[in-house]
Each structure stands twice: as C-alpha cells, then as structure tokens.
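Peer 1: Sharing a structure below in structure tokens format, with a few things to ask.
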Amino acid sequence: MPSLYKTPGVYVEEITKFPPSIAPVETAIPAFIGYTEKALRNGESLLKKPVRIESIAEYEEIFCLGSSQAIEVYLDSNNNYLGAKKTKGFLLYDSLKLFYSNGGGNCYIVSVGSYNDSITKQALLDGIDKIGNEDEPTILLFPDAVNLSGSELHDVQVEALKQCAKLQDRITLCDTVNSGNFKNDVLTLRNGIGINNLKYGAAYGPWINSSLSKSVNHRDVTLRPGPESNSVIPLESLTTDKAILQILFDLSKSEAAVNSLNSAEKSSSAPENAWLDALQTRSENYDQSKETVLADLENELQGIYDLLAKIIAKVKDMVVDLPTIAQSKDFILKNDIDLFLSSSKLKETTFDILAAYNKCFAGSIDLFSEDPAVATTNLAKAIGLLGYADAAAFTAVTVTDVTTAYAAASTEKAKADLAKKAAMNASVAIIALYRYAQNSAAEYEKKFNSALISSFGVYKNIITKAIESLNMLPPSGAIAGVYASVDRDRGVWKAPANVSLNSVITPVEKISSEQQGEYNVDVNAGKSINIIRTFQGKGVLVWGARTLAGNDNEWRYISVRRFFNFVEESTKKATEQFVFEPNDANTWVRLQAMIENFLTVLWRQGALQGVKPEHAFYVAVGLGKTMTPLDILEGRLIVEIGMAAVRPAEFIILRFSHKMAES
C-alpha cells in the first residue's frame, strides 16, 4: 500500500489475499412482449416500459386479466358444432399462466398496447427494442405475434434473433402459426425466418391444448352458420323451452346493464379508464395537514359531474321519471366551493343518478315505484346494502353538514381542509354505490349464465367446445417455464427436454416418431423444430433440444447455447472490475485464477466434460500467449477461454448381438 509515514505511531494495513470471484447470473428470466388489458401503476402509464414481476398476482395488479373470451362458433345446417375461432387472439396472459404452471419465476412484461388495439408488427418491434435496454432478460417471446398476417410474424422473429446476436446474453423462443396443418406451418417458418443468427433461437411445436381455467359467458359467444358467413344464429332459435327463453331474456337485460355501466365509466376523459381508481386512491391517501389548492378540488368534482352527466345519458332510456339534470356540472360554483358542498342539490343529484342505476340492477328493489313511500323505503334498502343503516346515515356520510363547521373554521387552510374532506367523503360514497351497482350487475349476469348452462344441454355443449378452442395456445410460454424449472433443478447445461408439461392436455396434432425425424433434422438449412409429443403413460413431453441451427456442430443444442451465454455474461460482469487495472502479469494471474475457479466449480457440478479440470477447460492470458506487445500498447487485455460443454445424449443406441455359448 503506497503511503508516506511522517508521524511516529502504529499503522494498520489490510492486505487482500483472496482472489476475486465470479457471481453466476440468472439464466431463465423471460421477457413477454405483447398486449395487456391495461398498463398502469400508481397512475403512471407503463406502456412500452419493461416491468419486472415475480408472480401472476403481481401481473394482475398492474396489467389486469386476460382479454375477453369472445369467440365465434360455427354450426352446420343441423346446428351441430363445426368449429370455432377466437374473435380477439391476445395470448400473453394465458402464456404467462403456462409459464408459472411449468415452474417459472421472475420475468419481464412489455405491454405494447391494450385489448382495444389491433395487433401490429410495429408495436411488437417497439417492445423488442425497449427490452434491448434491459440487461437481465435471457429469453424473448411474443405469443401475440402468431396473429400477425403474412410474413410479419417472421419479421418480428428475425428482429428478436438480431438483438440476441448483438447482446449475446439471450435467446428467442419462436412459435409457428396454427393453420391446422403442422407440416405446412413448419415449412412457413423455415421459409420465412431466413438463415441469420439461428444459433440464438429455438422453435417448438405443435401448439398445445391447455387445461387453464376458462369462463365463457353468453355475451362472448357468437353463433354463425360456417366460418365464411357474417350472419348470426340467435341462441333463442335453438330452443322452444319457455323457461330457457325467459333465462335468455333476463340475461340480455343484465348484459345491457353491465354494458351501460362499463361504457359510462370508459367514457370518462381520464386516461386508462381509471378516474374512479385514481379518486379512491386520492381519498385513501388524504392528509388533512397537507395544503390543497381549491382549484384542484373543483376540477376533480367537475370530472365527477361530467361523468355523471354521461351516465344519465346512458341510462335515461332504461328508467322512468328521471329528472332532467344533464347539466349537473353547472351546480359547481367555480369560486364558491363551500356553498356547493352545503347545497342540497348535491344530495338530490346523487340520489337521482344512483337510484336510476339501482333501478337497472337491483330488480327486487323498485326505486321508481308509483308509490312514493315504497320508493323511499326501497331506496333505504339499497343504501343499506352498502352498510349504512338508512338513507339519512348515507346522506350524512355523503355530504357532511359543513355550514356550521366552515363558519367556525379559524383559518383559510382549515376551511380548505374541511371542504376537501367533505368532497372526498362524497366521492367515496359515490364510488361505493357505483361499484356496488357494477358488482350487482355482474352477479346477476353470472347467475343467469349458470342457469342457462345447467338447463340448456345444447348450449352447454357449445360452451364446452368453445373453451377447448380458447385453450389452444402456442407453446412458448410453457417452454419458458420448463427452462426456468430445469435451470433451477439441474442447471442451465441440462437440455430442457424429456420433461413433462403441466396444465397441458395434448398437443393439437399428434406427431409420431417417424414424422418427427424431418422436423428434428432439416437437411436443407438445419432449422430444427423441437416437437411436443404425447407418450403413453408419461403424458405430454418436450421431445427436442435443438436450436434453429440444428446442423451446426458447435451450436446445435439449446443447452450449449444457453450455457455459453451464462458463462460469457457471468464472466463479463465479473471482469469489469479489471478495466483500467495495470496490464501486467499481476493482473493476468488474478484474472486467470478468478475464471479458473469459476469453471472448476461448474466442472464439479457436471457442466463441463472431462476427467480432470484441465481436460474440461483452459484459460490462457499473457504476453506471447494471447497478446502481443502491440496489444498491450493499445490497451487490450485478451483472455482466451475454452470449454468442453456437455452435450445431450440425443440418440441412445443399444447394440445387441448373438454370442456363442462357451460352456
């Protein structure tokens, strides 16, 4: 340690003896790129922003659930099932569920759009570009891309492979399309994906029939007389049973009510359809000691009444004697917020609107009875469902009597806090009844759907077939889970094959051993397709372990490619500490020892082939070995690392012969 000692005394110096070490990086962190219901966290849009998650629950909190299960079902002239097709093919959420079912852990989500958007190549390319800025992901997949038309799927796959080759720390999982003819689908992939960077990709097929839980409702199913027809077969035409027809009538009414609520909320000018959630969050985080500008509060209330006016427009045809209050927003006095809060008009407006909603949803509580006494009693019943004893108690919570308290407030801040508190109470009450109306509507629809399935056998058969079609998925999500599971249990050097798939019933097409040969070995360009097969007594297994460079002796196997990615990335990160160190023998020895220790550990774990470490790998560094004097003058420190990576026993050959008896 260089130092100048001037003052007499005792000095302590610590001498580093241990060599630096290499920390192994994660090997199975997939990035799912595709479409989500929303992409919002704490009011911030996460569109086209990579987000790291740890569970399906965390995904649902940020991105919500999967898309609606809208599906077209085709019937023949005798109303027998012919087939089905998804109306919207958003597949990221279901693929993520397969990932976790098969052992997945941490992953990244890149939302490139919502379920209201069309699936486009450019959006997915943007998502791939964004994930390129993240260092941790090691697997790229984009299940929604299978819905792209023409060659666009392959354009996305080519771009992902290009990023993998550039960064050298990840691979791409490629899905085929699912036309119903797997042989043609494989040919389409091989013709479309080109020949560049194939060692960084792996393809799997055919698609799989999953066993994920699905709920298909009446509103999701459209019956048509064949896939080429635009006409609709009314479900009512399939029965003459009066009880079933009554259920269908009630169901249509409850669906109309749900649609009215949802469309009213979605008509809000707030982004991401989240004004209610944002308002509730603001109420829950209310801090009475915090200064709040009254203008902000006025704007928030203005938003409430703008929305309520739209709600009225949505339901005015569904109720009777609804007061004309389409100009409710005019009740807000821009410069006199306290008068507005103490006005009985707020109570009247709130009750008029909420009563209209309860008229739609709570059929047993007639809030528009011709008998005023009955209407008043039923209003109290509806409010009681929220936990309030009666309408008066609800009114007290909704609009506190601010007049006296406001007059007694000693400071302007106290008045502002009081006004805000009253407004927040009103907002929370509005939200509560709004959500109650939504939940009530959804419960009614659920009840009628269940009744329809239990009493209408033809419809139950249609729904069963529809669910089977919805559960037909590309395999990339499940394969990413297998990678994570095998890496965790055995190591990244173990081929992710001869492993059963969870939440999978069958592949959509049965492939025999003879048929697999032409998919596993592509004599023309080496583009191997790893087949998913069903084996008697074993279930559905991954039965292939090759990259798309299936004829490359160095990079034929996906486990070898991923193992090299793992060692290269781990070593690269650990070596960064040597940048700008003296380029001399002392540094070379430390660097060599660090890498050799890391590889020795891997050899002991079975990742490298050889009886002794020197048979399994070598690390060379130094002047006259890997560098010339010119390299040193120009600042280059070159380390050469060779590894005998283990390769899978893809073909086990048992040779039998006769032997002459000797005794």
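Peer 1: Within the stretch 622-663, what residues put their amide N at less than 20 Å from the label point 7 Å along the Cα-to-Cβ vector of residue 589?
Peer 2: Output list for this probe position: 622-627, 637-640.
Peer 1: What FRET efficiency comes out for the pair residue 631/residue 6, r = Cβ-Cβ distance, R0 = 51 Å, nearest 0.05? Can you show the working numbers first?
Peer 2: On the way: r = 41 Å, r/R0 = 0.81.
Working from the Cβ atoms, E equals 0.80.
Peer 1: Please calculate how many Å² of accessible area the stretch 149-199 carries per residue, with a 1.4 Å probe and no DNA, RNA or ligand atoms counted.
Peer 2: Values: 2270 Å² over 51 residues.
Roughly 45 Å² per residue, with all protein chains present.
Peer 1: Report residue 584's accessible area, 1.4 Å probe, all protein chains in place, as a number in Å² to the nearest 10.
Peer 2: 60
Peer 1: Pairs on different chains or at least eight residues apart, Cα atoms closer than 13 Å: how many lysine pairs in the stretch 31-174 fit?
Peer 2: Values: 38/48; 38/49; 48/130; 49/130.
Taking the Cα cut-off of 13 Å, the pair count is 4.
Peer 1: Then there's this: Just to confirm a number: summing +1 for Lys and Arg and -1 for Asp and Glu over residues other than residue 234 whose beta-carbon lies under 15 angstrom from that of residue 234, what do you get? Mind dumping the intermediate values first?
Peer 2: Values: positive: 219, 224; negative: 72, 236, 241, 255.
Result for the local shell: -2.
Peer 1: Still on this structure: Can you tell me the order of 90-96, 228-234 when each peptide is scored by its average per-residue count of other Cβ atoms within 10 angstrom, highest first?
Peer 2: Values: 90-96: 25.6, 228-234: 9.7.
Answer by packing, highest mean first, reads 90-96, 228-234.
Peer 1: Hey, what's the per residue convex hull volume over the C-alpha atoms of the stretch 187-246, in cubic angstrom?
Peer 2: Values: hull volume 11.5 nm³, N = 60.
Taking the convex hull of the Cα positions in the stretch 187-246, it is 192 Å³ per residue.
Peer 1: Could you list, in their original order, any pairs among 183/460; 527/612; 199/573 whose Cα atoms are separated by more than 26 Å? Numbers along the way, then the final one.
Peer 2: Working: 183/460 33 Å; 527/612 35 Å; 199/573 23 Å.
Long pairs (Cα-Cα over 26 Å): 183/460; 527/612.
Peer 1: Could you put 4, 141 in order of accessible surface area, largest first, with the 1.4 Å probe and the full protein assembly present?
Peer 2: Working: 4 150, 141 0 Å².
Sorted by accessible area, descending: 4, 141.
Peer 1: Ordering 51, 521, 499 from largest to smallest accessible area (1.4 angstrom probe), what's the sequence? Let's see the in-between values first.
Peer 2: Working: 51 5, 521 60, 499 40 Å².
Putting 51, 521, 499 in descending order of accessible area: 521, 499, 51.
The values are calculated or read from the model by the stated rules, or taken from the named source; none is laboratory data. None of the values given here were measured: they were computed from a predicted structure. FYI the Cβ positions are ideal-geometry reconstructions off the backbone, even for glycines, and counts take in every protein chain you see. Areas reflect the complete protein model, heavy atoms only, side chains present, ligands, DNA and RNA absent. Shrake-Rupley method; radii C 1.70, N 1.55, O 1.52, S 1.80 Å.
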